[in-house]
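The next block holds one structure in the form of structure tokens; read it before the comments.
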Amino acid sequence: MRLPRWLTAVVSVVLLLAMGAIGWQMNDAALRAAEEVHRADTLTLGRNNATLASRYLTLSARELTEFTTEHRAELRTLESLDRSLLAQFVARSVFFQHGAAITDPAGGTLFSVSKAPGLPEPEDPGYAPLLKGPNGRSVLFSGVMTVRGASMIAVGVPILGDGSLRGMLLGYARLRDSTLQESMEARPGESSAHGLVDARGLVAATSDDGLLGTAIAPGVLDVLREPHAVPSFVEYESNGREMIALVVGGLPGDWGYYWTDSVDDFYGTVRKRNTRTNLALLGLILVAAVSLVIVDVRAAAARRRTEERFRALVQHSSDSISVLDRTGRIIYDSPSVSAVLGFPQHARIGKRASEMLHPDDRVMAQHVFARLVARPGTVERLQCRALHHDGGYHWVDMNVTNLTHNPAIAGVVINARDVCDSRQLQEQLGFQALHDSLTGLPNRRLLNERLSGALAPDRGSSIMVAALFVDLDRFKAVNDSLGHEAGDELLQQVGRRISDCLRSGDLLARVGGDEFVVLMDGIRAVDEATGVAGRIVEALREPFDLRGGLVRIGASVGVNVNEPGATADEMLNGADAAMYRAKQSGGLTYRTASGLAGAEVDAGVHAAGAAAVLPGADRAV
């Protein structure tokens with residue numbers, strides 16, 4: 001029995017409409033899923049940026065804390081403090097290059113230094129968080145303040161002395177010139193913006209520097225002020241345009257991070273693709289009723305557009321994309337390899353990827369590759385040094401994915417990004433944390449680490465370790481008569497002279513204003529330590545050339561050789577005590593393994609007398 005043609009047509013139309021309805025619902029579900037993924041990716045990026053900003057604020061406060069620790073003696077009563085000390089801090093500061101101030105517990109300014117146009121007035125509302133006063137050892141962050149049109153912020157740390165609060169040290173940063181603003185200047189997208197706001201909702205750092213010091217949208221500020229707020233999205237209207245913002249609170253000082261974009265731009269790509277898909281689905285239903293040929297033509301055109309879009313993304317990506325075969329040879333490089341590593345696109349084809357790495361990184365990379373090839377679908381991440389076309393090696397961050405099971409690729413895909421700048425920053429921060437900024441010598445922290453390692457019990461009791469505590473005589477006279485710059489130059493020359501007296505494996509550290517410590521690991525006899533101490537004293541007896549004048553100073557050296565079970569603190573305390581005995585007796589004292597009462601070295605190696613400028617000098621000390 002043949003069905004009527006009209007019935008067949010109706011059934012066909014009903015089936016097409018049913019298929020279309022199902023496809024439409026599935027596309028809408030895919031749209032919602034894609035939007036959720038897009039929001040989740042943006043949320044992750046926002047959290048990462050907020051974490052980086054929080055670490056930045058913490059690092060800035062650490063710089064103030066280290067200054068109060070380094071100058072604890074001067075800050076204990078605030079009576080011996082002067083502006084020159086603050087000026088030195090501002091000149092050497094990484095974060096607070098605009099100015100600094102010392103306040104008393106009531107908030108009154110005692111000393112301050114700053115660049116033009118000066119510091120905010122005391123009644124500026126941005127000071128409100130600081131006026132609450134520090135809670136114990138807490139760090140306080142101001143809001144955005146304005147001085148003659150210039151926006152700035154302040155960070156405060158407590159100054160403690162004799163167990164009580166003596167005042168606060170404030171560091172000021174001008175927002176437009178701050179490293180915080182520099183870190184935010186890169187736009188997260190073509191039409192989007194991001195930045196940091198203070199507790200009042202004023203912009204403290206942003207990718208659009210025209211917004212510095214302005215108020216954030218009220219809807220965004222309301223989310224930031226919610227107690228225990230979690231990172232969330234908020235939609236609002238600005239100048240008649242629908243906007244969406246990601247808000248992350250909980251930063252130091254009740255600051256917050258925001259990311260904002262128009263709703264159209266944020267969802268634009270996803271929704272446009274959804275609209276195109278719906279239209280294509282509708283067209284497919286209509287065209288299917290007329291001709292399957294047209295459907296095939298449209299499908300082919302869609303595939304070409306997808307391929308062209310993918311090709312454009314690969315060609316203009318900031319990351320280089322490479323594909324390796326199972327033997328580790330490069331079979332594809334994206335055009336962006338020239339931007340990342342300087343090579344023309346096809347220059348590395350056929351070469352082993354390991355040969356394009358630094359020799360010290362090849363074994364590690366080969367282990368990772370072997371482990372990855374054995375497990376299809378897995379992903380590994382590593383950082384190594386890749387050969388650049390100029391002959392040097394650049395640090396790159398690699399995401400390596402095994403897609404050998406995918407017939408469209410049949411290889412191992414490497415996404416590489418140049419991270420030289422971030423590595424250099426990490427190395428600089430690491431060096432600054434362990435070295436004295438004036439002399440470049442190791443600081444007390446690095447000394448304690450090395451000394452604790454030298455005294456580790458697993459090294460055995462037969463290994464002798466000596467600590468030499470060197471204190472300059474009459475250094476204050478040079479500082480007072482020739483100035484702090486001459487004193488700084490003298491400390492640098494002293495560091496070089498002491499270094500010349502040491503063995504190749506010895507460590508010289510600057511632990512105070514005019515105090516140095518030498519760590520001698522693996523000495524065979526006490527005489528080795530006392531011999532070095534004598535050479536140091538003799539070397540420092542020789543005159544120093546400071547600004548055309550020859551200056552004589554002296555030095556007292558205390559020597560302490562480890563006893564079984566001695567700690568780093570005990571070694572340094574013993575050497576310090578021996579140094580004071582040297583000062584009192586006019587000679588060199590060292591502490592033997594049996595106790596502090598060690599031998600007294602001939603006082604002839606200890607420089608005595610007042611500091612003086614030799615004939616021919618321009619000035620007298």
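The values are calculated or read from the model by the stated rules, or taken from the named source; none is laboratory data. Since this is a predicted model, take the numbers as computed values, not measurements. Here the Cβ is made from the backbone with ideal geometry for all residues, glycine too, and neighbour counts use every protein chain on show. Please note that ligands, DNA and RNA were not included when accessible areas were found on the heavy atoms of the full protein model with its side chains. Shrake-Rupley method; radii C 1.70, N 1.55, O 1.52, S 1.80 Å.
Structural remarks
- For region 217-249, a residue qualifies if it is open to solvent by 30 Å² or more (accessible area, probe 1.4 Å), in contact with a Gly (Cβ under 9 Å, 6 or more places away or on another chain) and assigned to a loop (DSSP other than H, G, I, E, B), and the qualifying residues are E226, H228, A229, V230, P231.
- When residues of region 410-423 are limited to those that are of a type in the set (A, V, I, L, M) and within 14 Å of D325 (Cβ to Cβ), the one most open to solvent (accessible area, probe 1.4 Å): A410
- Of all residues in region 411-436, those satisfying the criterion of being among the small types (G, A, S) and modelled with pLDDT under 85 are S422, G430, A433.
- Flag for P120 being modelled with pLDDT of 80 or more and open to solvent by less than 30 Å² (accessible area, probe 1.4 Å): yes
The rows are residues; the columns are (1) among the small types (G, A, S); (2) at pLDDT 85 or above.
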| site | (1), (2) |
| --- | --- |
| S60 | yes, yes |
| S80 | yes, no |
| H98 | no, yes |
| A101 | yes, yes |
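- Contact map, region 483-497: residues that are farther than 17 Å from L468 by Cα and part of a loop (DSSP other than H, G, I, E, B) paired with residues that are of a type in the set (F, W, Y) and open to solvent by less than 10 Å² (accessible area, probe 1.4 Å), Cβ distance under 6 Å, separation 6+ or inter-chain. No pairs are found.
- Residue, most open to solvent (accessible area, probe 1.4 Å), within region 250-271, restricted to residues that are among the acidic types (D, E) and at negative phi: D264
- Being under 17 Å from F67 (Cβ atoms) and open to solvent by 10 Å² or more (accessible area, probe 1.4 Å) holds for only one residue in R200, R148, R166, R174, and it is R166.
- Of all the criteria given as (1) in contact (Cβ under 8 Å) with a residue 24 or more places away in the chain; (2) within 28 Å of the chain's Cα centre (by Cα), the one not satisfied by S207 is (1).
- Selection of region 335-364 for residues being touching a Gly at 6+ places or on another chain (Cβ under 6 Å) and in contact (Cβ under 8 Å) with a residue 60 or more places away in the chain yields only A353.
- Qualifying residue in region 460-474 (condition: acidic (D, E), crowded, with 19+ Cβ neighbours inside 10 Å and at pLDDT below 85): no
- Qualifying positions in region 250-268 - in contact (Cβ under 8 Å) with a residue 24 or more places away in the chain and part of a helix (DSSP H, G or I): P252, G253, D254, V263, D265, F266, Y267
- Selection within region 347-370 - over 20 Å from A408 (Cα atoms), open to solvent by 60 Å² or more (accessible area, probe 1.4 Å) and touching an Asp or Glu at 6+ places or on another chain (Cβ under 9 Å): R362
- Restricting attention to region 431-454, the residues being in a loop (DSSP other than H, G, I, E, B) and farther than 30 Å from P564 by Cβ number 5.
Matching residues to (1) on the phi > 0 side of the Ramachandran plot; (2) of a type outside the set (A, V, I, L, M, F, W, C); (3) exposed (fewer than 13 other Cβ atoms within 10 Å of the Cβ); (4) touching a strand residue (DSSP E or B) at 6+ places or on another chain (Cβ under 6 Å):
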residue: H388; (1), (2), (3), (4): no, yes, no, yes
residue: H394; (1), (2), (3), (4): no, yes, no, yes
residue: L403; (1), (2), (3), (4): no, no, no, yes
residue: A408; (1), (2), (3), (4): no, no, yes, no
residue: L425; (1), (2), (3), (4): no, no, yes, no
residue: R444; (1), (2), (3), (4): no, yes, no, no
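- Lone unmet requirement of (1) loosely packed, with under 14 Cβ neighbours inside 10 Å; (2) farther than 28 Å from D264 by Cα for A29: (2)
- Tally of residues being in contact with a strand residue (DSSP E or B) (Cβ under 9 Å, 6 or more places away or on another chain) and in contact (Cβ under 8 Å) with a residue 40 or more places away in the chain across region 449-476: 16
- Any chance D436 is closer than 30 Å to A91 by Cα, touching an Asp or Glu at 6+ places or on another chain (Cβ under 6 Å) and not small (G, A, S): no
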